[in-house]
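This report concerns only the one structure given below.
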Amino acid sequence: MLSKKTFGVISLGCDKNRVDTEKLLGRIQDKGYRITDDISKAQILIVNTCAFLQSAREEAIETVLEYADYKKGNLEKIVVTGCLPQKFIGELFAPLQEADVFLGINDYDQLFTALEQSYKSDARQNFVGAGMDEYAYSRVITTAEHYAYLKIADGCYNHCTYCLIPKIRGKYRSYPMENLVKEAEELGETSELILVAQDTTRYGEDLYGENKFVELLQKLSALDNIQTIRLLYCYPEMITDALIDEIANNPKILKYLDIPLQHSENRVLKLMNRRGTREKYLQLFEKLRAKIPEIAIRSTFISGFPTETEEEFLQMQAFLEQAKLTNCGFFAYSREPDTGAYKMQPQIHHATKKRRVKALYQTQARISAHILAKYIGKKLEIVCDGIDYDKNCFVGRAYFNAPDIDGKVYFNATQAMQGERYEVLITDADSYDLYGKTEDYEE
């Protein structure tokens, strides 16, 4: 019944969700089914959803409703999978009549069974919770060919009071090391392997009874097909001396750390159920910079958390000035049901949250501009990501630029190939991006 069907997939949300989508595509490809990136040609559309924030849930539902119009053409079935049905299937199944099949985060092995039943009975199918959390190797990479994400664990132990992830994804579960090494090896030649999980630095504690993150880094670094490794989502309290030494001494690990802090003020951090303090964060940055002078540190912050005072917001601005982070993302607190912070009072007015986030971005822009200006007149190794046709030049990234979340390097060159590395002379900078040219370029 499915043998001649063509599948299309839309992946929403984070890079961890992207890996899930790629493994789902791998299952489809292994079965010999056709896959298209032109949704108008798909007969079965899979929407892999995010449910982390209300805005993400709204985007997921709007996406399903938008593509339901394609049923007037080739589209026959819409499958909704991922975090949204996993957490909210009770509220979702009846009203979202446009969807034909629902799967949760561990139900990808049930995709074809659910679709067969949907075609057979023409009845909507709820398979949330019917599958098994089995490890899959096969993937269809949806990033550019020269970099890929490796999801090393799922779930979370931390239970931050603003976060739904433990309620959606469950307890922290490390994937077996031998599986991860094999998966990385099967990715082929990879210029940049990006490690992701809700908390990468906790890797191995649940599975092996002790932290194995450094050992995993060493085994991945030993693979000939992996050129560099980037570390995302490293919780500050888990950044040990052993990990710092590994980053400092391992030439394959990029001197870059994404460390989600979420706030700087101790009272708010405690309400968030975060284990760090302002003082410990600054001490960590000092230690990192002493051991790895060129280290680039990225972080994320939430403003407008319940009870956050104007003084605490101003102190977070002052913290940014003191911490001098390379890149930052700022988010207004989103009040999520079934989280510890939902009932905290007083909740901060939307306009106040919006104003504070805007001010934090302005503060960080000044800091980032100062940091980037130091590269003018210097040469940097840049990996080419392709061509920016709007700017009529090549575009790439330095070691302090992660894909999608950080700035870029726009450069002119006589010739450049995607995935290759080039020495670029930096000629200009703004608060987010760098601009330059290769030595052989003549205007």
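Which of the residues belonging to the range 207-236 are open to solvent by 50 Å² or more (accessible area, probe 1.4 Å), in contact with a strand residue (DSSP E or B) (Cβ under 8 Å, 6 or more places away or on another chain) and within 14 Å of Tyr175 (Cα to Cα)?
Leu207, Tyr208
Just to verify a result, which residue in the range 237-259, among those that are open to solvent by less than 10 Å² (accessible area, probe 1.4 Å) and in contact with a Lys or Arg (Cβ under 9 Å, 6 or more places away or on another chain), is nearest to Glu183 (Cα to Cα)?
Ile253
Answer with yes or no whether Lys378 is under 23 Å from the mean Cα position of the chain (by Cα) and farther than 20 Å from Gln315 by Cβ.
It is false that Lys378 is under 23 Å from the mean Cα position of the chain (by Cα) and farther than 20 Å from Gln315 by Cβ.
Restricting attention to the range 424-443, and to residues there that are among the charged types (D, E, K, R) and under 28 Å from the mean Cα position of the chain (by Cα), which single residue is surrounded by the fewest Cβ atoms within 10 Å (Cβ to Cβ)?
So in the range 424-443, the residues among the charged types (D, E, K, R) come out as 428, 430, 433, 437, 439-440, 442-443.
After this cut, where a residue has to be under 28 Å from the mean Cα position of the chain (by Cα) as well, the list is 430, 433.
Details: Asp430: 13, Asp433: 17.
Applying the filter and picking the extreme gives Asp430.
Taking the range 21-67, which residues are charged (D, E, K, R), within 25 Å of Thr113 (Cβ to Cβ) and open to solvent by 20 Å² or more (accessible area, probe 1.4 Å)?
Taking the range 21-67 and keeping what is charged (D, E, K, R), we get 22-23, 27, 30-31, 34, 37-38, 41, 57-59, 62, 66.
Next, from what is left, pick out any that are within 25 Å of Thr113 (Cβ to Cβ): 22-23, 27, 30-31, 34, 41.
Within the range 21-67, Lys23, Arg27, Asp30, Lys31, Arg34, Lys41 meet the criteria.
List the strands (runs of 3 or more DSSP E) that sit entirely inside the range 320-416 and contain at least 2 residues that are without any contact (Cβ under 8 Å) to a residue 24 or more places away in the chain and open to solvent by less than 30 Å² (accessible area, probe 1.4 Å).
It comes to 393-397.
Go through (1) open to solvent by 30 Å² or more (accessible area, probe 1.4 Å); (2) under 18 Å from the mean Cα position of the chain (by Cα); (3) of a type in the set (A, V, I, L, M) one by one and return the number of the condition Leu314 breaks.
(2)
For Tyr208, state whether it is under 16 Å from Phe400 (Cα atoms) and either under 22 Å from the mean Cα position of the chain (by Cα) or not small (Gly, Ala, Ser) (or both). Outline the logic, then answer.
Numbers: under 16 Å from Phe400 (Cα atoms): no; either under 22 Å from the mean Cα position of the chain (by Cα) or not small (Gly, Ala, Ser) (or both): yes.
Here the answer is no, as Tyr208 does not meet what is asked.
For the range 294-305, indicate whether the set of residues that are polar (S, T, N, Q), open to solvent by 10 Å² or more (accessible area, probe 1.4 Å) and either out of contact with any helix residue (DSSP H, G or I) (no Cβ under 8 Å at 6 or more places or on another chain) or on the phi < 0 side of the Ramachandran plot (or both) is non-empty.
There is at least one residue in the range 294-305 that is polar (S, T, N, Q), open to solvent by 10 Å² or more (accessible area, probe 1.4 Å) and either out of contact with any helix residue (DSSP H, G or I) (no Cβ under 8 Å at 6 or more places or on another chain) or on the phi < 0 side of the Ramachandran plot (or both).
Taking the criterion of being more than 26 Å from Leu195 (Cβ to Cβ), in contact (Cβ under 8 Å) with a residue 24 or more places away in the chain, buried (at least 16 other Cβ atoms within 10 Å of the Cβ) and more than 20 Å from the chain's Cα centre (by Cα), would at least one residue in the range 105-114 satisfy it?
Scanning the range 105-114 turns up at least one residue that is more than 26 Å from Leu195 (Cβ to Cβ), in contact (Cβ under 8 Å) with a residue 24 or more places away in the chain, buried (at least 16 other Cβ atoms within 10 Å of the Cβ) and more than 20 Å from the chain's Cα centre (by Cα).
Residues that are closer than 28 Å to Tyr342 by Cα, open to solvent by less than 60 Å² (accessible area, probe 1.4 Å) and in a loop (DSSP other than H, G, I, E, B): does the range 172-183 have at least one?
yes
Taking the criterion of being more than 27 Å from Lys291 (Cβ to Cβ), assigned to a helix (DSSP H, G or I) and touching a Leu at 6+ places or on another chain (Cβ under 6 Å), would at least one residue in the range 184-191 satisfy it?
yes
For the range 90-104, which positions are hydrophobic (A, V, I, L, M, F, W, C), open to solvent by 30 Å² or more (accessible area, probe 1.4 Å) and in contact with a strand residue (DSSP E or B) (Cβ under 7 Å, 6 or more places away or on another chain)?
Within the range 90-104, Phe93 is the sole residue that qualifies.
Can you tell me how many residues in the range 81-132 are charged (D, E, K, R) and closer than 18 Å to Leu25 by Cβ?
The total comes to 2.
The values are calculated or read from the model by the stated rules, or taken from the named source; none is laboratory data. Here the structure is a predicted model, which means the values were calculated and not measured. Glycine also receives a Cβ, built like all others from the backbone with ideal geometry; neighbour counts cover every protein chain displayed. Side chains are part of the model used for accessible areas, which takes the heavy atoms of the whole protein and leaves out ligands, DNA and RNA. Shrake-Rupley method; radii C 1.70, N 1.55, O 1.52, S 1.80 Å.
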